[in-house]
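Engineer: My structure is below; once you've seen it, I'll send some questions.
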Amino acid sequence: MIKKVNTPLNEESARSLRIGDRVLLSGTVYTARDAGHERLYNALLRGEDLPFPLQGAVIFYVGPSPAKPGSVIGSAGPTTSYRMDSYTPMLLEHGLKGMIGKGQRNEEVKAAIKEFGAVYFAAVGGAGALLAERITDAKIIAFEDLGTEALRQLEVVDFPLIVAGDAEGRDLYIEGPEEYRAQHEIDADNYGGQLQ
Amino acid sequence: MREFDVQLLTDAVRRMAAQSNQILSPDVYAGLVRARESEDGLTAQSILDDILRNADLAAGKAMPICQDTGMALVFLQVGRDIHFQGDPYEAIQEGVRQAYEENYLRKSIVKDPLRRINTGDNTPAMIYTELIAGNQVKVSFAAKGFGSENMSQLAMLKPADGVEGVKRFILKAAREAGPNACPPIVIGVGIGGNFDKSALLAKQALMRPLDVRNCDPFYAALEDELLEQVNNSGIGPMGLGGRTSALAVSIEVLPTHIAGLPVAVNINCHATRHAEEVL
Ligand code: SF4
């Protein structure tokens with residue numbers, strides 16, 4: 001099923017999403033990756049205000065390629081999320097409701113998604129040109145010195161996502177492959193032993 | 001002796017860096033189309049559709065396929081009868097510099113691994129040189145993303161581990177790469193040589209077109225078997241479940257020492273960007 005979702009997210013809409021849902025997201029999202037997260041995290045530790053309102057916010061883990069003259073942004077696909085895991089629970093505690101990235105999250109992040117009622121979206125990695133088409137505006141709002149890692153405010157329209165982690169604590173990165181193996185009756189011996 | 005103007009190298013690298021980042025090579029595109037046909041799940045199908053649409057769009061708009069336009073790798077095979085006029089290495093770096101600037105490719109290289117200041121022009125490219133017969137220069141270019149590079153592994157196995165140990169290690173690496181390397185992945189394997197040569201072999205294996213198997217039937221069969229097993233994991237496109245976890249397993253081997261069995265696994269993503277020219 002394809003669901004249309006708008007940002008900012010509230011807890012109720014975040015909690016209504018389930019792994020495997022295909023979502024078209026519209027509204028404002030913020031970009032941050034490794035270095036940006038470190039700064040956001042430290043600002044929260046020091047009790048400072050962040051460059052954007054975290055309440056209900058969605059963060060997209062991306063370092064876009066440079067925009068060509070006349071375009072809003074260059075290619076803009078997700079980067080691998082686990083590198084942000086150590087900073088994420090604190091952001092969720094302070095109101096972050098959605099994250100867009102790729103790859104599995106650790107147990108602490110999954111627990112915080114469940115506790116605070118948030119959602120983890122997967123975007124198709126390496127589909128940077130396709131995703132850029134759905135970004136209608138981009139401006140740097142902080143950390144300009146970080147170059148591609150600067151904090152950007154994006155406007156997205158029907159940004160195509162798949163719910164990979166939901167507020168029930170479920171994880172499509174575990175259940176998706178399991179379901180495939182169950183449907184095709186593949187047992188552990190046929191793929192070289194136990195997963196995990 | 002052929003006099004070789006290094007400007008030719010700059011131009012070739014500049015062309016290949018732009019082209020490989022914008023146009024998915026036909027072997028990879030065909031592999032993705034076959035993958036799409038083999039999927040029966042909705043999630044996997046929609047992801048592969050998006051990946052193919054993305055490739056079409058990138059080619060049409062001369063945009064990078066992926067925002068991680070990679071670390072530039074150049075494999076140089078130099079004919080012994082070549083005399084370079086100028087510095088071939090600097091010529092290659094200049095080609096990278098020009099391509100990444102002119103085509104709005106992302107500059108992802110830091111000058112120092114710990115102090116991490118961006119070099120600003122995506123140089124230096126990693127250059128590998130080999131001498132061959134003749135008076136031509138073969139240049140292979142790859143833009144290597146690090147989502148997949150980070151998932152690569154190397155092991156110094158014992159000879160007693162044998163082919164079973166090698167298989168286990170390759171499958172473990174593929175599983176641990178899981179969703180992070182943007183599956184469907186391409187798996188380059190180097191077996192033999194020593195510690196560093198096995199890693200180089202694995203990287204060279206990634207330069208091989210996806211539809212070409214190892215010319216030794218023993219290793220070709222091993223490639224097929226491993227591909228089947230990796231795809232039985234169900235990891236699937238982007239790791240969200242499905243048939244196509246990998247597009248290919250390519251193995252390269254070298255003689256090794258009686259006491260050792262080095263195995264290196266270099267992982268590449270579905271945005272496998274490689275190109276080759278003979279000058
Ligand atoms: S792993 Fe490959 S496809 Fe994925 S983000 Fe990195 S370069 Fe792009």
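Values in this text are rule-based calculations from the coordinates and carry no lab data. These figures come from a predicted structure and were not determined experimentally. Note that each Cβ is placed from the backbone with ideal geometry, even for glycine, and that neighbours are counted across all protein chains shown.
Engineer: So if R0 is 25 Å, what FRET efficiency would residue B:85 and residue B:254 give, r being the distance between their Cβ atoms, rounded to the nearest 0.05?
Structural biologist: 0.15
Engineer: Indicate, rounded to the nearest 5 percent, the antiparallel portion of the DSSP beta bridges found entirely in the stretch B:147-271.
Structural biologist: 55
Engineer: State which entries of B:144/B:197; B:172/B:203; A:4/B:107; A:68/A:102 exceed 23 angstrom in Cα-Cα distance in the structure shown.
Structural biologist: Numbers: B:144/B:197 19 Å; B:172/B:203 18 Å; A:4/B:107 34 Å; A:68/A:102 25 Å.
Flagged as over cut-off: A:4/B:107; A:68/A:102.
Engineer: Computed FRET efficiency, Cβ-Cβ of residue B:150 and residue A:157, R0 25 Å: what is it to the nearest 0.05?
Structural biologist: Step by step, r from the Cβ atoms, then E = 0.20.
Engineer: Using only C-alpha positions, report the orientation-averaged shadow area of the convex hull of the stretch B:197-238, nm², one decimal.
Structural biologist: Here the figure is 3.8 nm², rounded to one decimal.
Engineer: About the Cα centre of the stretch A:2-185, what is the dipole size in debye to 20, counting +1 per Lys and Arg Cβ and -1 per Asp and Glu Cβ, all else neutral? All intermediate terms of the calculation are to be shown ahead of the outcome.
Structural biologist: Values: 20 positive and 26 negative charges, 81 e Å.
So the dipole magnitude of the stretch A:2-185 works out to roughly 380 debye.
Engineer: In Å, what Rg and Dmax follow from the Cα atoms of chain B?
Structural biologist: 19.0, 59
Engineer: Tell me, what is the percent relative contact order of the stretch B:1-126, built from C-alpha pairs under 8 Å that lie six or more residues apart?
Structural biologist: 36
Engineer: Further question: With a cut-off of 8 Å between alpha carbons and a minimum separation of six or more residues, what is the relative contact order of chain A in percent?
Structural biologist: Answer for chain A is 28 percent.
Engineer: Between the alpha-carbon centers of the stretch B:32-99 and the stretch B:209-255, tell me the distance in whole angstrom.
Structural biologist: Taking the Cα centre of the stretch B:209-255 as reference, the centre of the stretch B:32-99 is 20 Å away.
Engineer: Note the direction-averaged projected area, equal to a quarter of the hull surface, for the Cα convex hull of the stretch B:84-191, in nm².
Structural biologist: Mean projected area of the Cα convex hull: 10.5 nm².
Engineer: Given 0.36 nm per residue, what is the gain on full extension from residue A:185 to residue A:68 after removing their alpha carbon distance, in nm?
Structural biologist: 37.3 nm
Engineer: Rank B:22, B:45, B:85 by mean-square fluctuation in a GNM of chain B with C-alpha springs under 10 angstrom and give only the top-ranked residue.
Structural biologist: B:85
Engineer: Two decimals, Cα atoms only, Kirkwood Rh: what is Rg/Rh over the stretch B:165-275?
Structural biologist: When Rh is taken as the Kirkwood radius, the ratio is 0.96.
Engineer: Placing +1 at every Lys and Arg Cβ and -1 at every Asp and Glu Cβ, with all other atoms neutral, what dipole size does the protein assembly as shown have around its Cα centre, in debye to the nearest 20? Present the calculation step by step, with values, prior to reporting the outcome.
Structural biologist: Numbers: 47 positive and 62 negative charges, 93 e Å.
Around 440 debye, computed over the protein assembly as shown.
Engineer: Kindly identify the stretch A:2-185 as rounded, prolate or oblate by the Cα gyration tensor criterion: order the square roots of the eigenvalues as a ≥ b ≥ c, call it rounded if a/c is under 1.5, otherwise compare a/b with b/c, prolate if a/b is larger, else oblate.
Structural biologist: Taking the square roots of the gyration eigenvalues as a ≥ b ≥ c, the stretch A:2-185 is oblate.
Engineer: Expressed as an acute angle from 0 to 90° and rounded to the nearest 10, what is the orientation of the C-alpha long axis of helix A:172-183 relative to the principal long axis of chain A?
Structural biologist: Rounded to the nearest ten degrees, it is 30.
Engineer: Using Cβ-Cβ distances only, list the Cys residues of chain B with no partner cysteine under 4.7 Å, sorted by number.
Structural biologist: B:66, B:215
Engineer: Further question on the same structure: Starting from the Cα-Cα distance between residue B:114 and residue B:195, subtract it from 0.36 nm times their residue separation and give me the gain in nm to one decimal.
Structural biologist: 26.8 nm
Engineer: So which residue, out of B:186, B:139, B:13, gets the largest mean-square fluctuation from a GNM of chain B using Cα contacts under 10 Å as springs?
Structural biologist: Of B:186, B:139, B:13, the most mobile in the Gaussian network model is B:139.
Engineer: Also: Over all residues in B:262-273, what is the mean tally of Cβ atoms on other chains that come within 10 Å of each residue's Cβ?
Structural biologist: Counting other chains' Cβ atoms within 10 Å and averaging over B:262-273 gives 1.
Engineer: Gaussian network model of chain A, Cα springs within a sub-10 Å range: biggest mean-square fluctuation belongs to which of A:166, A:21, A:49?
Structural biologist: For chain A, modelled as a Gaussian network with Cα springs under 10 Å, the answer is A:49.
Engineer: In Å³ and rounded to a whole number, note down the convex hull volume per residue for the Cα atoms of the protein assembly as shown.
Structural biologist: Expressed per residue, the convex hull around the Cα atoms of the protein assembly as shown is 144 Å³.
Engineer: Compute the relative contact order of chain B as a whole-number percentage, counting only Cα pairs closer than 8 Å that sit 6 or more residues apart in sequence.
Structural biologist: Values: 614 pairs, mean separation 71.8, N = 279.
Rounded, it is 26 percent for chain B.
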